[in-house]
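Here is the structure we will look at, set down as structure tokens.
The values are calculated or read from the model by the stated rules, or taken from the named source; none is laboratory data. All values reported here derive from a predicted model rather than from experimental measurement. Heads up, the Cβs are rebuilt from the backbone with ideal geometry, glycines too, and the neighbour counts pull from every protein chain shown. For the accessible areas, the whole protein counts, side chains as well, though only heavy atoms, and no ligand, DNA or RNA atoms are used. Shrake-Rupley method; radii C 1.70, N 1.55, O 1.52, S 1.80 Å.
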Amino acid sequence: MCFPCGALAWFAWSGMETIAFTWALVRTARVSSDWLEQPAEERTIAGAIGLIAIAIVTPLLRPEGGALSLVAMGALLVAPPPIAKGRRFGGVVARLPAFVPLVGVLFVPAMNRAFTGHAQATTAMVKWYLANPYLDRARLVGAIGANVKMFLSDLLGGGPYTAFFLPEGLHYLFALGAIALIVMTTRPKTRWRAIVVGLFALASLIPCTYSTILWN
């Protein structure tokens, strides 16, 4: 994916963590989709362990990865791994592994709390709108809404900030993709994959909650 995409190539040559993070996000989405689409008799404990492992790693690369960890968690709750079959409360026991990905989500906040007394990272306190004590609800909604508008129109559309990476008008192609996802949800064979990819796309809006959206 890096070679045809100027933004990913730029990050790769810059040696930033975003390439590993992008891979982990896409991998978590794909493995979650594969898990949900498999017939129940083909799901294995090894497959569940693989899904849990990548769901733990993703938020350790960047905290935004927790969104995909929750997707993996949902996949394991909907389609539990083949354990405790035929036992009393077997359905409940089989769904307990779904909560293991929370280890990756909570690990960094727990370390922050243990060593600094604050669960939030200092960077989050500075740049995250939701942690800004000076914004009331109206200003908070306005600030995030303005970022979402800029993201969907200028940034994804090859505007002045992203012309070096993306061709002009690319946001129209993304709009067609959104329509395709809606169509996919009406087909039983592609419904779960469309839902997972849709959630993946929505997760890309997380940087819109930052005051530093242009470099996040």
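Which members of the range 66-94 meet the condition of being surrounded by 18 or more Cβ atoms within 10 Å (Cβ to Cβ) and farther than 21 Å from ALA194 by Cβ? Answer for the range 66-94, where residues must be surrounded by 18 or more Cβ atoms within 10 Å (Cβ to Cβ) and farther than 21 Å from ALA194 by Cβ: GLY66, PRO80, PRO81, ALA94.
Is at least one residue of the range 9-26 farther than 27 Å from PRO167 by Cα and either open to solvent by 40 Å² or more (accessible area, probe 1.4 Å) or not in a loop (DSSP other than H, G, I, E, B) (or both)? Looking through the range 9-26, none of the residues is farther than 27 Å from PRO167 by Cα and either open to solvent by 40 Å² or more (accessible area, probe 1.4 Å) or not in a loop (DSSP other than H, G, I, E, B) (or both).
Being open to solvent by 60 Å² or more (accessible area, probe 1.4 Å) and either in contact (Cβ under 8 Å) with a residue 24 or more places away in the chain or within 20 Å of CYS208 (Cβ to Cβ) (or both) is the requirement here; does PHE107 meet it?
On the way: open to solvent by 60 Å² or more (accessible area, probe 1.4 Å): yes; either in contact (Cβ under 8 Å) with a residue 24 or more places away in the chain or within 20 Å of CYS208 (Cβ to Cβ) (or both): yes.
Criteria met by PHE107.
Please work out if ALA119 is in contact with a Lys or Arg (Cβ under 8 Å, 6 or more places away or on another chain) and within 29 Å of LEU106 (Cβ to Cβ).
It is true that ALA119 is in contact with a Lys or Arg (Cβ under 8 Å, 6 or more places away or on another chain) and within 29 Å of LEU106 (Cβ to Cβ).
On the basis of being over 15 Å from the mean Cα position of the chain (by Cα), in contact (Cβ under 8 Å) with a residue 60 or more places away in the chain and open to solvent by 30 Å² or more (accessible area, probe 1.4 Å), does GLU37 make the cut? Yes; evaluated as a whole, the condition is true for this residue.
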